[in-house]
2 protein chains.
Amino acid sequence: MVARYERIADELRDEILTGVHPVGAQLPSEAELAERHRAARGTVRQAVAVLVAEGLVGSRQGARRIVLGNARSQSFAELHSFAQWARANGYRFEGQVIRQHRRPPSAAEAARLGPQEVLDVLRLRSLEGEPVLLERTAYAHWIAPAVEALPPECESVTEALYDSAGLVFAYGEHLIDAVSAGAQDARLLGVRRGSPLLRQRRATTTYEGRPVECSDDRYRAGSVAFSIRNSLGANSLVRRAGDLHFGA
Amino acid sequence: MVARYERIADELRDEILTGVHPVGAQLPSEAELAERHRAARGTVRQAVAVLVAEGLVGSRQGARRIVLGNARSQSFAELHSFAQWARANGYRFEGQVIRQHRRPPSAAEAARLGPQEVLDVLRLRSLEGEPVLLERTAYAHWIAPAVEALPPECESVTEALYDSAGLVFAYGEHLIDAVSAGAQDARLLGVRRGSPLLRQRRATTTYEGRPVECSDDRYRAGSVAFSIRNSLGANSLVRRAGDLHFGA
DNA sequence: TAAGGGAACTTGTACAAACAAGCGAGCCCT
DNA sequence: AGGGCTCGCTTGTTTGTACAAGTTCCCTTA
């Protein structure tokens with residue numbers, strides 16, 4: 001059962017994406033949309049709130065809402081899972097475990113995942129036949145057995161863990177910066193040592209807030225970019241000081 | 001006049017940040033919060049929705065809400081304006097225009113800003129005395145005079161343009177990736193040619209959706225990172241294919 | 001002609017009520 | 001002891017109403 005406001009949001013998003021409401025144009029008023037869909041104004045407001053949160057629509061008191069963009073914004077899953085993102089965009093991709101072993105957690109990992117041993121996995125992923133992403137992931141102790149049971153060439157770890165252990169990645173925190181390729185990075189990604197990599201460090205938890213993994217993912221420069229739309233009202237991406245001068 | 005739900009949100013956020021509700025703990029139920037603040041349930045829902053959007057709180061049907069994090073998330077302005085971000089975080093910073101001239105727009109710029117001449121500004125910014133950020137910004141024709149009127153060592157362009165022209169940057173689209181430093185980048189930022197830079201390309205518009213600027217900002221590696229919190233429900237940061245194989 | 005003052009429209013905030021849906025704990029039965 | 005079930009609690013969805021606040025545009029007035 002899909003909620004009413006979601007169906008209205010889907011329909012509106014579709015109209016934006018197909019150009020019925022081009023970029024810069026005004027959206028119908030809430031009253032108009034409410035009548036068209038035979039819904040209460042509150043329901044319509046929830047629907048457009050979805051589009052505002054996606055950055056497709058701009059909204060301010062007193063003025064009609066306007067269309068800001070017409071690019072589909074992807075889901076949490078696609079941000080979180082390389083495989084789901086690549087599949088949703090129709091890319092050819094592979095994955096391969098290079099190394100996998102248990103070890104004591106680092107200080108930073110212990111703070112997030114707890115003091116028990118973590119499962120350290122080094123995974124190389126390729127897009128359109130070329131190596132693109134190197135993942136260094138530390139899995140929490142309690143999920144380690146399920147990860148070890150996966151085949152080394154497993155396409156989507158996220159989906160496999162859901163199927164085998166019922167695990168759902170629900171919340172994530174991501175830190176994005178640029179680093180230069182180390183010796184191992186360079187060898188596995190097929191770039192020169194010192195060449196730029198886009199790094200995404202992330203920590204994810206289950207619905208209950210239980211920590212699942214910490215990861216250091218490094219993308220070959222030029223292979224992927226992260227995109228965000230924001231507005232004065234609300235945004236969640238923030239700039240943070242790195243550790244150049246500030247020792248964090 | 002601050003909205004009721006915002007005051008409730010502020011109070012709740014404060015309780016989370018000060019540890020009254022530690023990470024992993026349950027938040028009071030909506031009914032409880034409603035009674036405590038003598039507000040309707042809907043108003044309380046609006047308040048917690050703010051915190052959910054900030055990534056501080058996780059929410060799912062049937063279960064009590066839980067605290068996910070306790071780091072303050074910054075505002076749109078701080079993401080958009082280097083000066084406002086640096087000031088809010090108590091850093092020492094400077095800015096200096098290196099070069100400034102009018103020129104015809106590139107194809108990409110013309111698509112966003114229109115066919116008229118743009119004002120191209122090259123600006124170097126430093127943090128704690130070290131050069132950290134190189135901004136290459138193209139301002140739309142209509143705002144160019146106001147930008148040219150600014151002093152070359154202007155600290156905050158965003159604020160100066162608000163004061164002088166009443167300009168408000170309201171919506172932005174950002175694309176984040178890693179590139180290697182070119183000759184000019186290297187010289188001005190004081191790094192070796194080819195060393196990694198974190199690049200943020202952005203396009204911003206006014207409230208009315210009128211394009212203001214396109215910019216290519218390059219941060220020295222290690223100086224800043226971008227941070228995002230997201231959840232299965234909603235997120236706006238997405239991964240995008242770069243132009244390595246896909247010619248975008 | 002230009003400035004000023006509304007009036008109509010549109011979005012934002014707040015309240016109240018009802019039902020749906022999911023979670024968790026405790027209870028009962030085997 | 002363990003498994004299954006029910007019941008109460010909690011969050012999600014929807015409707016309706018009322019007023020506040022900001023925008024837009026037209027019309028009046030100087």
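The values are calculated or read from the model by the stated rules, or taken from the named source; none is laboratory data. In this text the structure is predicted, and so the values were computed from the model without any measurement. All Cβ positions, even for glycine, are placed from backbone atoms using ideal geometry, and neighbour counts span all protein chains on display. Remember, those area values only see protein heavy atoms, side chains included, never the ligands or the DNA or RNA. Shrake-Rupley method; radii C 1.70, N 1.55, O 1.52, S 1.80 Å.
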For the stretch B:140-150, Karplus couplings with θ = phi - 60° (6.51, -1.76, 1.60), whole Hz, Gly/Pro x: 5, 3, 5, 9, 3, x, 5, 6, 5, 6, 6
Which order, highest average first, do B:107-117, A:214-224, A:117-127, B:152-162 follow once you tally other Cβ atoms within 10 Å for each residue and take the mean per peptide? A:214-224, A:117-127, B:152-162, B:107-117
Given a Förster radius of 25 Å and the C-beta distance between A:R38 and A:T18 as r, what FRET efficiency does 1/(1 + (r/R0)^6) yield to the nearest 0.05? 0.65
For the protein assembly as shown, with only Lys/Arg (+1) and Asp/Glu (-1) charged at the beta-carbon, what is the dipole magnitude about the Cα centre, in debye rounded to 20? 140
Share of the stretch A:76-220's accessible area from carbon and sulfur, percent, 1.4 Å? 49
Computed, not fitted: 222 nm per-residue ellipticity of chain A from DSSP H runs ≥ 4 (each -39500 (n - 2.57)), nearest 500, equal to -8500 deg cm²/dmol
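For A:R87 and A:W142 in the same chain, what is the full-extension length gain: residue separation times 0.36 nm, less their Cα-Cα distance, in nm?
16.9 nm
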Chains A and B: how much accessible area gets covered up at their contact, both sides added, probe 1.4 Å, in Å² to the nearest hundred? 6500
Need the C-alpha centroid separation for the stretch A:1-54 versus the stretch B:134-151, integer Å. 36
Check A:A225: other-chain or 5+ apart residues with amide H under 5 Å from its amide H, H built from backbone geometry? B:R240, B:A241, B:G242
Connecting every pair of Cα atoms under 10 Å apart in chain B and solving the GNM, the largest mean-square fluctuation among B:H80, B:H101, B:H37 falls on B:H37
Tell me the per residue accessible area of chain A using a 1.4 Å probe; a whole number in Å² is fine. 45
About the Cα centre, and with charges only on the beta carbon of Lys, Arg (+1) and Asp, Glu (-1), how big is the dipole of chain A? Nearest 20 debye, please. 680
Given R₀ = 45 Å, FRET efficiency for B:L150-A:E130 by Cβ-Cβ distance, to 0.05? 0.50
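Classify the protein assembly as shown as rounded, prolate or oblate, taking a ≥ b ≥ c as the square roots of the eigenvalues of its Cα gyration tensor: rounded when a/c is under 1.5, otherwise prolate if a/b is larger than b/c and oblate if not.
The shape class here is rounded.
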